[in-house]
Amino acid sequence: MKFQQSLLDYISTSLITMNETVSIAESVTSGLIQLAFSQMANAKQFYKGGITTFTLPEKVQFLDINQIEVKENSFETQKMADTMAVKVAESFGTDWGIASTGYAASVRNSGFKVYSFCSFSYKGEIVLSKRIELHDKTQALDAQLYYTEFILGCYKSALNQILI
């Protein structure tokens, strides 16, 4: 598996230049974003780690997701991604938190749709949130890879906003 090297280099250089750190909370991407960050040059200078929580009980336990609210409002939401991004940054003591949650396959809980939410927190505040929707026939691995590349691109945009 290979990620866009220019994108990885840009993120790495930006974080080193800003002297800032990042941590990642993943669900739907199953560690692929963490894998991408581990491939960046000098990753130990800015990437502090991450957590992959695939089921609701683990999201509740490790990322402060409100189980009652989730069951009332839908299983995967933008608010969940926002909470995950803020909580992972808080837990790891990083400037940035990146989160992904959603569905890589068409299932009943998703209304038979394939979609994901991603969020980026910076110093405790959400700076960018996105919903990504794919065709309901998209294969799960293809969806996860697409989400990962999309999230890396969005993170580059979020970094640009702070750098400007």
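The table for this structure:
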{"quantity": "Percentage of interatomic Cα-Cα distances in region 1-97 larger than 19 Å", "calculated": "44 percent"}
{"quantity": "Percent of beta bridges antiparallel (DSSP, the chain, rounded to nearest 5)", "calculated": "60 percent"}
{"quantity": "Interchain or long-range residues, amide H under 5 Å from residue 52's placed H", "calculated": "26"}
{"quantity": "Cross-link partners of residue 59 among lysines (Cα-Cα below 24 Å; sequence separation of 8 or more within a chain)", "calculated": "48, 71, 79, 87, 113, 123, 130"}
{"quantity": "Space enclosed by the convex hull of the alpha-carbon atoms of region 93-164, per residue, Å³", "calculated": "89 Å³"}
{"quantity": "Kirkwood Rh and Cα Rg combined as Rg/Rh, the chain", "calculated": "0.95"}
{"quantity": "Accessible surface of the chain, 1.4 Å probe, proportion on carbon and sulfur as whole %", "calculated": "51 percent"}
{"quantity": "Given the chain, longest segment not containing exposed loop chymotrypsin sites (Phe, Trp or Tyr not before Pro) (DSSP; at most 16 other Cβ within 10 Å)", "calculated": "1-53"}
{"quantity": "Average accessible area per residue (Å²) across the chain - probe 1.4 Å, nucleic acids and ligands excluded", "calculated": "49 Å²"}
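The values are calculated or read from the model by the stated rules, or taken from the named source; none is laboratory data. Bear in mind that the values here come from a model prediction, so they are computed numbers and not experimental data. Virtual Cβ from ideal backbone geometry, glycine too; neighbours counted across all protein chains shown. These accessible areas exclude ligands, DNA and RNA; they are computed on the full protein's heavy atoms, side chains included. Shrake-Rupley method; radii C 1.70, N 1.55, O 1.52, S 1.80 Å.
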